[in-house]
Amino acid sequence: TFTATDDCGNATTATQTITIVDTTAPVLTIPADYTAECSDEHPMDEASASDNCGEVTISVEEVTTPGACAGDYTITRTFTATDDCGNATTDTQTITIVDTTAPEFTFVPEDYTISCTEDITYETPTAVDICSEFTITIDEEITSLGCTGNYTITRTFSAEDECGNVATDVQVIIVEDTVSPV
């Protein structure tokens, strides 16, 4: 309120109204997008925000979208920073999780050589996969070594996970005819 008074005591009063409004949204800083292997750690860092006029509240909403296989998916994190006057800023972080790691064999039968008169032992390999289910297939190939009692059995083991990652290993069994005719 302004009052102007002259030397004779005459006065005039006027009022000025100043309205302060907060129309500026907070400044929001979110974690960077990243891609990680399904077996790695997936940090879920927090966002930060500042406002020129008051307190800020940050909320986050996460949505997980499945990918082509169990080890592939995307996490979308939507952050919203809201100040006391309802001004808001929204930004989105995308975390892409991939499965590019093949299963790992924990046991593979050893190569060995036996006589053609002995029984062949067929052991089964074992494997593990951190991110998804897997299957083990065994392919066998028999190769003659020149005569009926001499041959090799080559067993190829393949462990394939749901994302198509494959690990292979091989066992070779050599069968020899070392017995003379009677």
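The values are calculated or read from the model by the stated rules, or taken from the named source; none is laboratory data. Just so it is clear, the structure is predicted and the values come from calculations on it, not from any experiment. Glycine gets a Cβ as well: all are built from the backbone with ideal geometry, and neighbour counts include every protein chain shown. All accessible areas refer to the heavy atoms of the entire protein, side chains included, with ligands and DNA or RNA removed. Shrake-Rupley method; radii C 1.70, N 1.55, O 1.52, S 1.80 Å.
Remarks
- When 89, 126 are screened for being over 26 Å from residue 152 (Cβ atoms) and at pLDDT 95 or above, only 89 passes.
- Candidate set from segment 131-158 (those that are of a type in the set (Asp, Glu) and farther than 30 Å from residue 38 by Cα); member that is surrounded by the most Cβ atoms within 10 Å (Cβ to Cβ): 140
- Number of the exception - residue 64 against (1) in contact (Cβ under 8 Å) with a residue 40 or more places away in the chain; (2) under 29 Å from the mean Cα position of the chain (by Cα): (1)
- Segment 8-56 - residue that is assigned to a loop (DSSP other than H, G, I, E, B) and among the hydroxyl-bearing types (Ser, Thr, Tyr) and, of those, nearest to residue 80 (Cα to Cα): 24
- Qualifying residue in segment 75-85 (condition: open to solvent by 60 Å² or more (accessible area, probe 1.4 Å) and small (Gly, Ala, Ser)): no
- Checked against the criterion of being within 23 Å of residue 39 (Cα to Cα), among the β-branched types (Val, Ile, Thr), surrounded by 11 or more Cβ atoms within 10 Å (Cβ to Cβ) and touching a residue at least 24 places away in the same chain (Cβ under 8 Å), the candidates 172, 166, 128 yield just one match: 166.
- For the criterion of being open to solvent by 90 Å² or more (accessible area, probe 1.4 Å) and touching a Phe, Trp or Tyr at 6+ places or on another chain (Cβ under 9 Å), residue 41 fails.
- Taking segment 77-182 and the strands (runs of 3 or more DSSP E) fully enclosed by it, the elements with 1 or more residues that are over 40 Å from the mean Cα position of the chain (by Cα) and of a type in the set (A, V, I, L, M) are at 112-115, 134-144, 166-176.
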